[in-house]
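**Student:** What follows is a single structure, and I will ask about it in a moment.
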Amino acid sequence: MDFAFTEDQQELFEYVKEFCDEKLKPFADETDRAHEYPWDKVALMREMDLFGIPIAEQYGGMELGFLEWAVIGELVSAGCTTTGAVYGAHMLAEYPIMYFGTEEQKEKYLTPLATGESIGAFGLTEPMAGSDAGSVRMTAIRDGDEYVLNGTKIFITNGGDAEIYIIIANARPDRGMRGVTAFIVEKGMEGFEFGKDEEKMAFKSLSNRELIFNDCRVPAENLLHKEGRGFQVTMETLRVGRIGMAIGAVGLAQVAYEAAVEYSLTREQFGERIANFQMIQYHLANMATELEAGRLLTYRAAWLKDQGLEFEKEAAMAKVKTSEVCGYVTSKAVQIHGGYGYCCDYPVERYMREAKLFEIVEGTSEIQRLVIANQLLKEARK
Amino acid sequence: MRIIVCIKQVPDTTDVKINPETGTLIRDGVPSIINPFDENAIEAAVQLVEEHGGEVIGLCMGPPQAEQSLREAVAMGVNRAVLLCDRALAGGDTLATSYSLAQAISRIGDFDLIFCGKQAFDGDTGQVGPGLAEHLGIPQITYAIEIEEVTDKEIQVRRLLADGFEVVRATLPCLITAIKQLNEPRMPGLKNRIKAKKAEIELWTCESVSAQESRCGLDGSPTNVIKTFTPTRQVEGEIIAGETAEEKAGTLIDKLRDAQVL
Ligand SMILES: Cc1cc2nc3c(=O)[nH]c(=O)nc-3n(C[C@H](O)[C@H](O)[C@H](O)COP(=O)(O)OP(=O)(O)OC[C@H]3O[C@@H](n4cnc5c(N)ncnc54)[C@H](O)[C@@H]3O)c2cc1C
């Protein structure tokens, strides 16, 4: 057992941290308040080669592991949560192509995603299919060499700004879940349009649009994996996605925690720094401990993935733990800031609003517990 | 275009400590970086080559570990890296240093431009760039804030002066020194950093650039640093105490009157 990063990893993370501290962090508030997709930050991330960390060099990636992808995601999220969310959602398009794609699909779609030339999105959720992902109603009916897509997706991160979409639809509605199929769809294909961009509690500059398909004809070669295997594609993608969400939460909790420590060392009441009060120390100690627990769960899930070992349960544990830790830490960070923490001049109120997202997307905390319980009972019954 | 950039490796700190006994800089434990103004010089050179084609040659005089700075320059887009490294070069003043660099540049051959930083962070003399231009017998434009135009034969540069700007045109080849406001040096991407790790760094010695050892290093330096020291603070500041802002302002005015400033 070795908890240390290698020298190469250390150097990589220090350099990326320098990038995040210099190019993302000073503008994080501005990025959030702009109410505009952070294209300038995307461009910087692209120049830094951060969009294809675990993708093979052959397809324009860095050919590193998911652990490196995760740690970098944490640093990006700590620098700018909005950019961190773009980074996380982007992988939801890259990973299924990397894992299930044909050679042609990888060349055509994975390469521009890995270099960051194109941004990706993953469209699963529908108005009537949220946690119950197998019940998607969008249809994709085969017609000769094409599939005809009809239906609507909602809440899709990067929607409208992304060029490449993984879309989960049903090719055989009569077969229920066994008809669910995944497709690669390009922005600009006829019959594919964008609807409402959700106004949200936080992440104001992140796009979460409706994707509207009206007789959109997609070539059969854009079928990802096999017809009827879309649920498998979804589950595999979300396993990695959970690590991405977990790490986003860790990054956010980290900056909130740092803000709280710094504030407690400068704010004076009763003639001394509030950090001297035992109750503040109690909060800080808990925050740091919870944060570290969540981080280690997440790194381990990513490490298991890199080792080719089973990581389903661990990724779900990491996601549920870190998202709840993030809620706790950001809320305590506001508490430690007192009234100033509730005001928008300090970033902690934004952190607290942002934190809530992590308990909802890519499987709510309830769903994560379902996944964990299913898995552990399966193991126990063996 | 063929552009040469002179790069110095310096300790990464703005308040360099001095050993009071020897009067030399304490470098132990201080990480090394590219002299910040040299990063502006590299960026300017790389941008020009990106626009006009050609190559950028990074030239660094320094100890073997200065190779690291050249690798960073390669990651930023420098095409070829030369480290002028010889024991005989140690302890050179600005005259010896500019002579040694000029010899190395003669070995490089024809070039259109030389970029230097306006000064090094550690020595702060600002003399090596101008000295180099004199050794080579070419025009120089110091304190460049904007490269306005470059043609096959000429360059037009806006210089920052203490009280304004000056626009200067010079024929090529020409030497330019860069200030911080010239550009924002890029952070190279991960791929270029990996490539730079494997890049070849050419090692040159005094002999290989036909530099006379008597004109290099300590031997070739008419300037002698007699003493370097951190000045002791002699005037103490005073924080004016008082209950209210009015009271403090009143005390301040009294004091200024006493000192006959008001
Ligand atoms: C900002 C944002 C970004 C998003 N990005 C994407 C994206 O890029 N791609 C995409 O496809 N989707 C995306 N989503 C959708 C997101 O994944 C879903 O909102 C989420 O999975 C929950 O689905 P739902 O909203 O339909 O809630 P519901 O499924 O209706 O859940 C409502 C409540 O019921 C609980 N619940 C549901 N089923 C059970 C059960 N069996 N047992 C116990 N409790 C249960 C839930 O935990 C929750 O508390 C995004 C959402 C948001 C808000």
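Every read-out reported here was derived from the displayed coordinates using simple, explicitly stated rules and does not represent laboratory data. Keep in mind it's a predicted model, so treat the numbers as computed, not measured. Please note: Cβ atoms are built from the backbone with ideal geometry, for glycine as well, and neighbour counts cover all protein chains shown.
**Student:** Between the helical axis of B:245-258 and the dominant principal axis of chain B, each derived from Cα atoms, what acute angle in degrees is found, rounded to the nearest 10?
**Tutor:** Orientation of helix B:245-258: about 80 degrees from the principal axis.
**Student:** Rounded to whole Å, give me the distance from the Cα center of the stretch B:131-176 to that of the stretch B:24-54.
**Tutor:** Using only Cα atoms to place each centre, the spacing works out to 18 Å.
**Student:** Restricting attention to the alpha-carbon atoms of the protein assembly as shown, what are Rg (one decimal) and Dmax (integer), both in Å?
**Tutor:** 30.1, 97
**Student:** Out of B:GLY137, B:THR151, B:GLY117, whose Cα points farthest toward the positive end of the dipole of the stretch B:102-173 (charges: +1 Lys, Arg; -1 Asp, Glu; placed on Cβ)?
**Tutor:** The residue sitting most towards the positive pole is B:GLY137.
**Student:** Can you tally the net charge around B:ALA199? Count Lys and Arg as +1, Asp and Glu as -1, for every other residue whose Cβ sits under 14 Å from the Cβ of B:ALA199. Before the final figure, lay out the partial values.
**Tutor:** Numbers: positive: B:ARG71, B:ARG80, B:LYS191, B:ARG193, B:LYS195, B:LYS197, B:LYS198; negative: B:GLU55, B:GLU67, B:GLU72, B:GLU200, B:GLU202.
My count for the surroundings of B:ALA199 gives +2.
**Student:** In vacuo Debye scattering of the stretch B:2-220, one point per C-alpha: log10 I(q)/I(0) at q = 0.08, 0.11, 0.16 Å⁻¹?
**Tutor:** Here the Debye-derived log intensity ratios amount to -0.26, -0.50, -1.10.
**Student:** May I pose another question? Can you compute the charge dipole magnitude of chain A about its Cα centre, using +1 on each Lys and Arg Cβ and -1 on each Asp and Glu Cβ, nothing else charged? Give it in debye, rounded to the nearest 20. Don't jump to the answer; show the numbers that get you there.
**Tutor:** Working: 40 positive and 61 negative charges, 325 e Å.
Rounded to the nearest 20 debye, it is 1560 debye.
**Student:** Here's another thing I want to ask about it. Report the convex hull volume per residue for the stretch A:232-381, counting only C-alpha atoms, in Å³.
**Tutor:** Working: hull volume 16.7 nm³, N = 150.
That works out to 111 Å³ per residue.
**Student:** Same structure, new question: State which entries of A:LYS153/A:LYS187; A:LYS106/A:LYS187; B:LYS8/B:LYS197; A:LYS332/A:LYS378 exceed 25 angstrom in Cα-Cα distance in the structure shown. Mind dumping the intermediate values first?
**Tutor:** On the way: A:LYS153/A:LYS187 14 Å; A:LYS106/A:LYS187 17 Å; B:LYS8/B:LYS197 19 Å; A:LYS332/A:LYS378 37 Å.
Table pairs above 25 Å Cα-Cα are A:LYS332/A:LYS378.
**Student:** Determine by what factor the alpha-carbon radius of gyration of the stretch A:28-165 differs from 2.2 N^0.38 Å, reporting the quotient. Walk me through the numbers before you get to the answer.
**Tutor:** Working: Rg = 16.0 Å, N = 138, 2.2 N^0.38 = 14.3 Å.
Relative to the 2.2 N^0.38 Å estimate, the stretch A:28-165 comes out at 1.12.
**Student:** Whole number please: convex hull volume per residue, Cα atoms of the stretch A:121-228, in Å³. Working shown, then result.
**Tutor:** Numbers: hull volume 9.8 nm³, N = 108.
About 91 Å³ per residue, rounded to a whole number.
**Student:** Okay, moving on. Take B:SER32, B:SER106, B:SER210, A:SER205 and order them by how many other Cβ atoms sit within 10 Å, fewest up front. Walk me through the numbers before you get to the answer.
**Tutor:** On the way: B:SER32 16, B:SER106 13, B:SER210 10, A:SER205 21.
With the fewest neighbours first, B:SER32, B:SER106, B:SER210, A:SER205 line up as B:SER210, B:SER106, B:SER32, A:SER205.
**Student:** I'm checking a number: the convex hull volume of the Cα atoms of the stretch A:3-101, normalised per residue, in Å³. What is it? Could you put the intermediate results ahead of the total?
**Tutor:** Numbers: hull volume 9.8 nm³, N = 99.
Value for the stretch A:3-101: 99 Å³ per residue.
**Student:** Whole-Hz Karplus ³J(HN,Hα) for the stretch A:16-25, in order, using 6.51 cos²θ - 1.76 cosθ + 1.60 and θ = phi - 60°, x for Gly and Pro?
**Tutor:** 5, 5, 4, 4, 5, 5, 8, 9, 10, 4
**Student:** Let me ask something additional. Can you list the HN-Hα couplings for the stretch B:73-78, worked out from phi with the Karplus curve (6.51, -1.76, 1.60; θ = phi - 60°), rounded to whole Hz and with x for Gly and Pro?
**Tutor:** Here the 3J(HN,Hα) series is 5, 4, 4, 7, x, 5 Hz.
**Student:** Right, here's the next one. Express in whole angstrom the spacing between the alpha-carbon centres of the stretch B:183-262 and the stretch A:67-124.
**Tutor:** Using only Cα atoms, the two centres lie 43 Å from each other.
**Student:** Within a 10 angstrom radius of the beta carbon, how do A:CYS344, A:CYS20, B:CYS206 rank from fewest other beta carbons to most? Let's see the in-between values first.
**Tutor:** Values: A:CYS344 10, A:CYS20 26, B:CYS206 21.
Ordered by Cβ neighbours within 10 Å, fewest first: A:CYS344, B:CYS206, A:CYS20.
**Student:** Where nothing but the Cβ of Lys and Arg (+1) and of Asp and Glu (-1) is charged, how large is the charge dipole of the protein assembly as shown around its Cα centre, in debye to the nearest 20?
**Tutor:** Around 1580 debye, computed over the protein assembly as shown.
**Student:** To the nearest 20 debye, what charge dipole does the stretch B:2-220 have about its Cα centre, counting +1 at the Cβ of each Lys and Arg and -1 at the Cβ of each Asp and Glu? Before the final figure, lay out each step's value.
**Tutor:** Numbers: 21 positive and 32 negative charges, 105 e Å.
Here the size comes out at about 500 debye.
**Student:** Taking the Cα centre of each part, how many Å lie between the stretch A:314-382 and the stretch A:1-66?
**Tutor:** Rounded to whole Å, the Cα centres lie 23 Å apart.
**Student:** Calculated from DSSP H runs of 4 or more alone, at -39500 (n - 2.57) each and per residue, what is the 222 nm mean residue ellipticity of the protein assembly as shown, nearest 500?
**Tutor:** -13500 deg cm²/dmol
**Student:** Still on this model: Give me the distance in nm between label points sitting 7 Å out from Cα along the Cα-to-Cβ direction at A:SER135 and B:LYS248, one decimal.
**Tutor:** Here the answer is 6.5 nm between the modelled labels.
**Student:** Ok, one more. Give me the net charge for the shell around B:ARG159: Cβ to Cβ below 15 angstrom, other residues only, Lys and Arg +1, Asp and Glu -1.
**Tutor:** Values: positive: B:LYS118, B:ARG158, B:ARG169, B:LYS180; negative: B:GLU146, B:GLU148, B:GLU149, B:ASP163, B:GLU166.
Value of the local net charge: -1.
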